[in-house]
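Written out below as structure tokens is the structure these notes cover.
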Amino acid sequence: MDFELSEEQRLLKESVQRLLADRYGFEARQRYMAEPEGWSRQVWRQYAELGLLGLPFEEKYGGFGGGPVETMIVMEAFGRALALEPLFATVILGGGLIRLGGSAAQQQALLPKIADGSLLLAFGHVERQSRFDLFDVATTAKKDGAGYVLDGAKSVVLHGDTADKLIVSARVAGARRDKSGVGLFLVDAKANGMSRRGYPTVDGLRAAEIQLSNVRVGADGVIGEAGNALPLIERAVDIAIAALSAEAVGAMAAMHELTVEYLKTRKQFGVPIGAFQVLQHRAVDMFVALEQARSMAYFATMMAEETNAIERRKAISAAKVQIGRSVKLVGQQAIQLHGGIGMTMEYKVGHYFKRATMIDTLYGDADHHLAELARLGGLVSRA
């Protein structure tokens with residue numbers, strides 16, 4: 001398989017890296033985090049000018065016309081920079097649901113606004129009891145004329161506190177853990193009956209708790225087929241996990257580079273600690289885990305648009321298992337080899353570990369996906 005980037009992809013990579021290098025020094029990130037929204041609107045506009053916000057959308061919607069490889073390139077750069085802006089929530093998750101399941105009218109109305117940076121989306125799906133099960137939905141959507149009335153609550157809605165619109169999952173029929181009867185609804189963030197409580201997450205990003213009480217949604221707010229939205233959700237989440245895998249690789253690569261540089265400069269007994277063979281071995285273990293994760297992130301990227309849901313899920317789960325294991329090894333070694341400084345808020349390596357750990361947890365940790373992979377019969381089916 002050819003892993004060489006095309007000329008356009010190489011230029012995209014260089015452009016994104018240059019922008020983030022200019023705008024995302026460690027001190028600049030701390031300033032952005034202290035802003036009221038927890039990220040920089042000015043940087044967001046620069047993403048739009050560069051075409052990053054329209055990355056996966058067709059050109060007729062003002063998009064870049066890119067695919068999973070282009071998304072991987074951008075997300076790996078975001079991982080290296082520890083970028084705070086809601087590109088994942090708005091473009092990958094929210095925009096992905098509209099791109100994959102929205103009507104022509106919804107796509108025409110929303111995708112150009114996402115691409116130009118004027119519309120922020122968030123995906124409200126996780127609930128307190130659901131853990132990693134995408135089908136566990138207790139929020140209800142009751143038919144009301146041509147529309148629906150939504151009641152329930154959503155937790156850890158990524159960037160839900162600043163979103164202009166939310167895509168909310170709700171049950172139109174069946175019991176809480178049925179795999180049928182789930183719908184998707186586009187809800188205005190300022191709709192009557194909608195309340196939001198925003199807060200910072202451990203990795204420096206933002207999330208919100210959402211409460212819906214008699215929130216009315218018209219027929220034009222239904223995404224896809226009401227009652228049959230679970231396959232759409234699963235597909236969008238698989239694509240999102242592939243993007244997160246690339247982001248994790250970027251964060252791990254930065255942790256490894258910082259650690260190796262520290263081993264070269266920190267002295268003990270009059271020599272750099274990198275001269276001690278046991279520490280060299282630990283740095284090599286980090287590199288091996290990083291490259292294993294990178295290979296599986298590539299695999300997830302190649303399988304992200306696979307139409308066979310079972311084969312796609314196998315690949316994504318396998319990638320998530322390796323990402324989670326590599327994150328743990330690389331992150332722990334980076335903190336330990338830095339000594340006490342690795343634990344401080346003033347040093348960057350700890351922030352990388354926090355973000356990478358959050359990525360491991362999002363949409364299922366390594367243990368969850370290992371069990372899922374076993375349930376599906378393993379990555380390679382028996383002959």
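Okay, here's what the table says:
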{"item": "Test for Ala115: is it farther than 23 Å from Lys190 by Cβ and out of contact with any Cys (no Cβ under 7 Å at 6 or more places or on another chain)", "result": "no"}
{"item": "Filter result for the condition that a residue is surrounded by 22 or more Cβ atoms within 10 Å (Cβ to Cβ), touching a residue at least 40 places away in the same chain (Cβ under 8 Å), in contact with a strand residue (DSSP E or B) (Cβ under 8 Å, 6 or more places away or on another chain) and farther than 30 Å from His338 by Cα, over Ala229, Ala219", "result": "Ala229"}
{"item": "Some residue of segment 305-319 being touching a helix residue (DSSP H, G or I) at 6+ places or on another chain (Cβ under 8 Å), under 26 Å from Phe3 (Cα atoms), in the same structural domain as Met252 (by TED's automatic domain parsing) and free of Cβ contacts under 8 Å to residues at least 40 places away in the same chain", "result": "yes"}
{"item": "Failed criterion for Ala374 (all others in (1) closer than 28 Å to Ala207 by Cβ; (2) small (Gly, Ala, Ser); (3) free of Cβ contacts under 8 Å to residues at least 12 places away in the same chain hold)", "result": "(1)"}
{"item": "Residues within segment 350-366 that are free of Cβ contacts under 8 Å to residues at least 40 places away in the same chain and more than 16 Å from Ala293 (Cα to Cα), tallied", "result": "1"}
{"item": "When residues of segment 186-197 are limited to those that are touching a Lys or Arg at 6+ places or on another chain (Cβ under 7 Å) and surrounded by 18 or more Cβ atoms within 10 Å (Cβ to Cβ), the one nearest to Asp164 (Cα to Cα)", "result": "Ala189"}
{"item": "Members of segment 126-175 that are of a type in the set (D, E, K, R), at negative phi and assigned to a loop (DSSP other than H, G, I, E, B)", "result": "Glu127, Arg128, Asp133, Asp136, Asp161, Asp164"}
{"item": "Of residues in segment 106-119 being of a type in the set (A, V, I, L, M, F, W, C) and outside any loop (DSSP other than H, G, I, E, B), the one surrounded by the most Cβ atoms within 10 Å (Cβ to Cβ)", "result": "Ile114"}
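Every residue, every condition in (1) assigned by TED's automatic domain parsing to the domain that holds Gln17; (2) surrounded by fewer than 20 Cβ atoms within 10 Å (Cβ to Cβ); (3) small (Gly, Ala, Ser); (4) out of contact with any helix residue (DSSP H, G or I) (no Cβ under 7 Å at 6 or more places or on another chain), yes or no:
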site	(1), (2), (3), (4)
Trp39	yes, no, no, no
Pro56	yes, no, no, no
Ile73	yes, no, no, no
Ala77	yes, no, yes, no
Ala83	yes, no, yes, no
Thr90	yes, no, no, no
Leu93	yes, no, no, no
Gly96	yes, no, yes, no
Ala104	yes, yes, yes, yes
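The values are calculated or read from the model by the stated rules, or taken from the named source; none is laboratory data. Here the structure is a predicted model, which is why all the values come from computation and not from measurement. Heads up, the Cβs are rebuilt from the backbone with ideal geometry, glycines too, and the neighbour counts pull from every protein chain shown.
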